[in-house]
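Only one structure is covered here, and it is reproduced in the block below.
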Amino acid sequence: MDQMLRAQDVTFSYSHEQHKALDGLTAQVERGEFVAVLGANGCGKSTLAKHFNAILLPVSGMVYIEDIPTTDEDRLLEMRQKVGMVFQNPDNQIVATVVEEDVAFALENLGVPPAEIRTRIDEAMKMAGIYKHREKAPHKLSGGQKQRVAIAGVIAMRPDCLILDEATAMLDPIGREKVMRTVRSLNRDHGITVVHITHYMEEAAMADRVIVMSEGKIAMEGTPKEVFSRVEEVKALHLDVPQSAELCHALTEAGLPMPVDVIDVDECARALYKAITGKEAGECPQS
Ligand SMILES: Nc1ncnc2c1ncn2[C@@H]1O[C@H](COP(=O)(O)OP(=O)(O)OP(=O)(O)O)[C@@H](O)[C@H]1O
Ligand SMILES: [Mg+2]
């Protein structure tokens with residue numbers, strides 16, 4: 001497989017006295033993958049994200065963006081262009097007073113010719129679903145729309161990989177859903193590799209692969225079904241599982257055997273119908 005990001009035995013501390021924020025961590029993200037990163041507060045998710053964008057450099061071990069070691073200072077601009085970051089607070093990421101100017105900001109700073117900027121920002125605003133708001137003032141938009149403006153600004157740089165560090169944390173459910181739909185389409189339709197750090201298990205359930213961190217290390221790794229079927233282990237790491245996995249687990253414990261790898265609502269409803277009636281949900285007139 002084609003490697004997009006790789007952390008090899010990475011250790012990092014913010015100061016000499018401090019404990020290790022990353023502690024011998026090894027992880028890889030393949031090109032085109034959608035990886036969710038989970039973990040309790042302070043376990044090192046943001047620190048890892050900043051290593052994947054060469055904002056931080058490991059104290060020991062190596063980080064690679066494609067095949068470029070992040071210690072290669074001469075290629076810093078290239079690395080930052082390849083891996084775009086979107087952070088939690090949309091207000092901190094918006095700099096201009098008109099949406100399209102905001103999306104163009106980084107390209108203007110890089111000295112990209114105006115005609116090229118026009119093409120790239122129009123493309124990026126369409127991909128992020130905010131093209132119709134292009135002439136509006138960002139402060140008049142909802143949190144979810146602002147976050148999609150921030151995503152468009154990053155996409156305009158034509159990155160290979162997008163890292164979202166709790167980019168949905170401050171949004172209402174509708175804003176979150178629209179941002180997730182945008183991110184999923186960037187991944188599936190445009191081949192952009194996605195690393196999505198989140199506290200929402202339902203969002204992690206959409207990923208190809210889930211990485212669970214604990215105390216600067218990787219504690220669990222696998223497909224969402226593999227990870228979320230290990231309910232007790234996930235809970236021991238102070239995390240939840242998606243509600244449907246939780247329900248199936250509780251029903252099984254209570255004596256109604258349910259499949260162990262259910263992570264979404266429709267699947268859960270079908271399994272429940274079958275467990276109660278003995279029939280497939282397809283036979284149910286409402287389904
Ligand atoms: N700038 C900093 N200076 C000193 N220590 C820091 C700094 N940033 C993070 N840390 C510490 O490093 C450890 C890992 O922090 P990090 O922000 O990577 O965790 P996180 O998993 O992203 O947490 P959260 O879910 O709260 O965002 C924590 O103990 C944190 O207190
Ligand atoms: Mg964080």
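The values are calculated or read from the model by the stated rules, or taken from the named source; none is laboratory data. Predicted model only: the values in this text are computed from it and were never measured. So basically every Cβ, Gly included, is an ideal-geometry build from the backbone, and we count neighbours across all protein chains shown. Note: areas computed on protein heavy atoms with side chains; ligands, DNA, RNA excluded. Shrake-Rupley method; radii C 1.70, N 1.55, O 1.52, S 1.80 Å.
For the stretch 14-58, the candidate set comprises residues that are open to solvent by 60 Å² or more (accessible area, probe 1.4 Å) and within 9 Å of ligand 1 (Cβ to nearest atom); within that set, the residue that is modelled with the lowest pLDDT is 18.
Annotation note: Cβ proximity below 8 Å between a residue of the stretch 92-112 that is without any contact (Cβ under 8 Å) to a residue 12 or more places away in the chain and a residue that is surrounded by 21 or more Cβ atoms within 10 Å (Cβ to Cβ) (sequence gap 6+ or interchain) occurs for 95/102.
Among the criteria (1) within 30 Å of residue 23 (Cα to Cα); (2) among the polar types (S, T, N, Q); (3) crowded, with 21+ Cβ neighbours inside 10 Å, the one residue 244 does not fulfil is (1).
Quick check on residue 184: is it under 12 Å from the mean Cα position of the chain (by Cα), surrounded by fewer than 20 Cβ atoms within 10 Å (Cβ to Cβ) and in contact (Cβ under 8 Å) with a residue 24 or more places away in the chain?
So residue 184 passes the test.
Conditions tested, residue by residue: (1) in contact with a strand residue (DSSP E or B) (Cβ under 8 Å, 6 or more places away or on another chain); (2) crowded, with 21+ Cβ neighbours inside 10 Å; (3) part of a strand (DSSP E or B); (4) at pLDDT below 95.
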position	(1), (2), (3), (4)
103	no, yes, no, no
106	no, no, no, yes
122	no, no, no, no
125	no, yes, no, no
132	no, no, no, no
139	no, no, no, yes
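Selection of first residues in the stretch 126-141 that are within 21 Å of residue 158 (Cα to Cα) and of second residues that are surrounded by fewer than 18 Cβ atoms within 10 Å (Cβ to Cβ) and not basic (Lys, Arg), restricted to Cβ pairs under 9 Å at least 6 apart or on distinct chains, gives the following pairs, ordered by first then second residue: 127/185; 127/189; 127/190; 129/185; 131/122; 134/98; 134/122. Filtering the stretch 105-137 to residues that are of a type outside the set (Lys, Arg) and under 23 Å from the mean Cα position of the chain (by Cα) leaves 106, 121, 123, 124, 125, 127, 128, 129, 130, 131. Give the stretch 168-180 a look and list any residue that's outside any loop (DSSP other than H, G, I, E, B) and without any contact (Cβ under 8 Å) to a residue 40 or more places away in the chain, or say none. Selection gives 173, 174, 175, 176, 177, 179, 180. In the stretch 202-224, the count of residues that are touching a residue at least 12 places away in the same chain (Cβ under 8 Å), polar (S, T, N, Q), in a loop (DSSP other than H, G, I, E, B) and open to solvent by less than 10 Å² (accessible area, probe 1.4 Å) is zero. The single residue among 72, 91 that is at pLDDT below 95 and either farther than 19 Å from residue 195 by Cβ or over 17 Å from the mean Cα position of the chain (by Cα) (or both) turns out to be 91.
Quick one: which of 70, 97 is among the hydroxyl-bearing types (Ser, Thr, Tyr) and surrounded by fewer than 16 Cβ atoms within 10 Å (Cβ to Cβ)? Result of the check over 70, 97: 97. For the stretch 21-39, does any single residue satisfy the condition of being more than 16 Å from ligand 2 (Cβ to nearest atom) and hydroxyl-bearing (Ser, Thr, Tyr)? So far as the stretch 21-39 goes, yes, one or more of its residues are more than 16 Å from ligand 2 (Cβ to nearest atom) and hydroxyl-bearing (Ser, Thr, Tyr).
Counting only residues that are among the hydrophobic types (A, V, I, L, M, F, W, C) and part of a helix (DSSP H, G or I), the stretch 108-120 holds 2 of them.
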